[in-house]
Each structure stands twice: as structure tokens, then as C-alpha cells.
Amino acid sequence: MNKKMPKPTMPRDGSVPVYKKDMPVGVKIISILYFIAAAFLVLYIIFIIVILALLGTQTEFLPPELTTEASQTVIIVVAIIMLLFFAGMAVLDFFIGLGLWRGKKWARIVALIFSGLGIFGALITVPLMIAGMLIDPISVISFVLSLGVNLFIFIYLLASQEVKKAFA
């Protein structure tokens, strides 16, 4: 059995290095999902910036009620709030992914909270689906994927013995 030893984590106080356990594959996959989410948020931010730039130059295509100065101001303020929110989420997703990859307990806790919120968010769309407001195929697929991925992450990070050992 020639199993390679993981690289030691060097403590800052100069004491003996500690060998960090390898993260389970499932945790690494969840970490990669967080990195992908951060990348998509950055792309979304770029998209919003491009749309804002086009709004400033292509006003002839807008309905008249959106070309007033007050409407333009509201659009810009809302867009800036969205940009700040998505930028914060992108940074947070990146650091959660990094924390999970490195086996940080706080990252596991935050990922559990986020997946719990994702489950809740998916479940609150059920009444809208029952009422017939969200019955298009994209909404149904989005619901199933969101619920499935968040349930998997939540149950895996909470109940897996392998994960519990890795984050102990």
C-alpha cells in the first residue's frame, strides 16, 4: 500500500505541521458547484452592466414611460442595488467553495444554511405551481433541480459520516 501522505498544513505558531485529511469527493463536487455559481453571478453582473450601457444609448427602443428622467433614475438605482447584491453573493459563493475545499467548519455551516434556504425557496413556489401560475416547463424543471440539488447538499453535508469526520 503506497498511499501518499497529504501535504501538511503549516501552523502559524511554528509548532509541528498538521496533516489535513483529504476532503470527500462529494464535498469537492459541492465546492465546485459554489465556484460555478460564483462564475455565473459574475457573468450576470457583466450582463447587467451591458444592459445598462445599452439603455443609456438606445432609448428609442424603450416605451415612453421608461425614458423619463425619473424612470431612468429608478432603473439605475435598482440596477446598482442588484449589482452590489450579486457581487456580494459571488464573493460569498467563492469563499464558501474555497472553505469547503479546504475543510473549514464555517463553510460547511454556511453551505447548510444556504441549502436550507434553497429548499425553503423551492418549496414556497409549490402554491404558485398548484395555482397554475408557474406551470411552464422551465419553472417546473427549475423547481425540480433547485429542490433536488439543495436537498442533496443539505442531507449530504448534515448526515454523511465521511463529511462529519472530514470537518471534525
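The values are calculated or read from the model by the stated rules, or taken from the named source; none is laboratory data. Quick caveat, the model's predicted, so the values are computed rather than measured. Quick reminder, even Gly has a Cβ in these numbers, built from the backbone with ideal geometry, and neighbours come from all protein chains shown.
So here's what we get for this one:
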{"quantity": "Test result for residue 159, in contact with a helix residue (DSSP H, G or I) (Cβ under 6 Å, 6 or more places away or on another chain) and surrounded by fewer than 16 Cβ atoms within 10 Å (Cβ to Cβ)", "calculated": "no"}
{"quantity": "Residue in the stretch 146-163 that is in the same structural domain as residue 111 (by TED's automatic domain parsing), charged (D, E, K, R) and closer than 17 Å to residue 107 by Cα present", "calculated": "yes"}
{"quantity": "Residue list for the stretch 98-113, filter: farther than 19 Å from residue 162 by Cβ and either small (Gly, Ala, Ser) or under 12 Å from the mean Cα position of the chain (by Cα) (or both)", "calculated": "110, 113"}
{"quantity": "Filtered residue count, the stretch 109-126, keeping only those that are of a type in the set (Phe, Trp, Tyr) and exposed (fewer than 15 other Cβ atoms within 10 Å of the Cβ)", "calculated": "1"}
{"quantity": "Test: residue in the stretch 127-146 that is surrounded by 11 or more Cβ atoms within 10 Å (Cβ to Cβ), in contact with a Gly (Cβ under 8 Å, 6 or more places away or on another chain) and among the hydroxyl-bearing types (Ser, Thr, Tyr)", "calculated": "yes"}
{"quantity": "Tabulated pairs, the stretch 24-53, first farther than 13 Å from residue 111 by Cα and in a helix (DSSP H, G or I), second acidic (Asp, Glu) and modelled with pLDDT of 95 or more, C-beta under 7 angstrom, 6+ apart or interchain", "calculated": "38/93; 41/93"}
{"quantity": "Residue check, residue 143 aromatic (Phe, Trp, Tyr), touching a residue at least 24 places away in the same chain (Cβ under 8 Å), part of a helix (DSSP H, G or I) and within 27 Å of residue 45 (Cα to Cα)", "calculated": "no"}
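Rundown of residues vs (1) small (Gly, Ala, Ser); (2) more than 25 Å from residue 160 (Cα to Cα); (3) modelled with pLDDT of 95 or more, yes/no style:
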position	(1), (2), (3)
9	no, no, no
23	no, no, no
36	no, no, yes
39	yes, yes, yes
49	no, yes, no
